[in-house]
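Notes follow once the structure below has been shown.
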Amino acid sequence: MADARSIALVCANEASLWAELRARAEVIAKAEPTLAPLIERWVLSQKNFADSFVQRLSERLNPTGQDLGIIQQGLRAALALDSEIIPKMRADIRAILERDPATEHALIPFLWYKGFHAISAHRFAHALWKNKRPDLALYLQSLSSEHLAVDIHPAASFGVGILLDHATGFVAGETAVVEDNVSFLHEVTLGGTGKARGDRHPKIRSGVLIGAGAKILGNINVGEGAKIGAGSVVLKDVAAHTSVAGVPAVLIGKASVDAPALDMDHSL
């Protein structure tokens, strides 16, 4: 699990996090020479957190490198439009360090976790969408879907402290809203129930924990601190601080803690 020092640095400013990432990168480059050229290109040759992540994410979204310059131009355009992208990414890294016992330090999700890469790609696409550049936003979405197996519409709204654990198969529709400090396992869908237009996707309030394979469908509300069992199909509102499970989902009882997303206890 992440040590207190790593989490504290992530809580601090961008410069502190960048110093932490560089220090970890130097250790890895020396310990694993095979990876040293990659670590040099992604981290050690870069001047700051933003430049480093643009390089890493652009390569993740286009492994062939054929359109690397176009992707990087799009990512930098999003950064210029929304100064909150990087602070939100820091909060997401902190969420991973605090909730995922397999994550020993901040460089691990920064380099390797596709869940972090996918929610970050969405933050870039969302900034473009909000600023009337929908085609570029949809381009980034399509790359994320193709190469990360995560499909989030650029218009969907996500708060901070989001954990996409494993992330494969995660889908969120156009009018989905996710508040702060929410944890998702893989193959979760925040979808509609048909072809109706307008506000048609779920609203997930803060502190919610959603288990693997859960399908939450329609313009419904999942209340603060609720817990959704793995494999559930949720078609109706879920009250705050309750647990539901099943197909269709039914009330199991009260959630065991105020914010299940933070302790990641999936027991019902």
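Listed by position, the helices (runs of 4 or more DSSP H) enclosed by segment 73-159 that each have at least 2 residues that are touching a strand residue (DSSP E or B) at 6+ places or on another chain (Cβ under 8 Å) and touching a residue at least 60 places away in the same chain (Cβ under 8 Å) are 85-99.
Here is a yes/no grid of residues against (1) modelled with pLDDT under 95; (2) within 30 Å of Asp151 (Cβ to Cβ); (3) of a type in the set (Asp, Glu):
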{"site": "Leu9", "(1), (2), (3)": "yes, no, no"}
{"site": "Glu40", "(1), (2), (3)": "no, no, yes"}
{"site": "Leu57", "(1), (2), (3)": "no, yes, no"}
{"site": "Asn62", "(1), (2), (3)": "yes, yes, no"}
{"site": "Gln72", "(1), (2), (3)": "no, yes, no"}
{"site": "Ile85", "(1), (2), (3)": "no, yes, no"}
{"site": "Ala102", "(1), (2), (3)": "yes, yes, no"}
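On the given criteria, is Arg22 under 19 Å from Tyr113 (Cα atoms), surrounded by 15 or more Cβ atoms within 10 Å (Cβ to Cβ), more than 19 Å from the chain's Cα centre (by Cα) and modelled with pLDDT of 95 or more? Yes. Looking only at residues of segment 219-237 that are within 20 Å of His186 (Cα to Cα) and among the β-branched types (Val, Ile, Thr), we find that the one that is surrounded by the most Cβ atoms within 10 Å (Cβ to Cβ) is Ile228.
Considering only segment 193-201, I want to know if a residue exists there that is among the aliphatic types (A, V, I, L, M), in a loop (DSSP other than H, G, I, E, B) and modelled with pLDDT under 95. Break it down into steps so the answer makes sense when it comes.
Within segment 193-201, the subset among the aliphatic types (A, V, I, L, M) is 196.
Cutting the leftovers down to in a loop (DSSP other than H, G, I, E, B) gives us 196.
Next cut, modelled with pLDDT under 95 only: 196.
Yes, that holds for at least one residue.
Could you tell me which of the residues Val182, Val177 is within 24 Å of Asp263 (Cβ to Cβ) and surrounded by 22 or more Cβ atoms within 10 Å (Cβ to Cβ)?
On the way: Val177 fails: surrounded by 22 or more Cβ atoms within 10 Å (Cβ to Cβ).
Answer to the selection: Val182.
For every residue, the table says whether it meets (1) farther than 23 Å from Ala19 by Cα; (2) surrounded by 18 or more Cβ atoms within 10 Å (Cβ to Cβ).
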{"site": "Gln73", "(1), (2)": "yes, no"}
{"site": "Arg76", "(1), (2)": "no, no"}
{"site": "Asp92", "(1), (2)": "no, yes"}
{"site": "Leu97", "(1), (2)": "no, yes"}
{"site": "Ala102", "(1), (2)": "no, no"}
{"site": "His105", "(1), (2)": "no, yes"}
{"site": "Pro109", "(1), (2)": "no, yes"}
{"site": "Ser120", "(1), (2)": "no, yes"}
{"site": "Ala125", "(1), (2)": "yes, yes"}
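When restricted to residues that are among the hydrophobic types (A, V, I, L, M, F, W, C) and touching a Pro at 6+ places or on another chain (Cβ under 8 Å), segment 119-148 contains 6.
The values are calculated or read from the model by the stated rules, or taken from the named source; none is laboratory data. Just so it is clear, the model here is predicted, and its values are computed rather than measured. Reconstructed Cβ throughout: ideal geometry from the backbone, glycine too, with neighbour counts over all protein chains shown.
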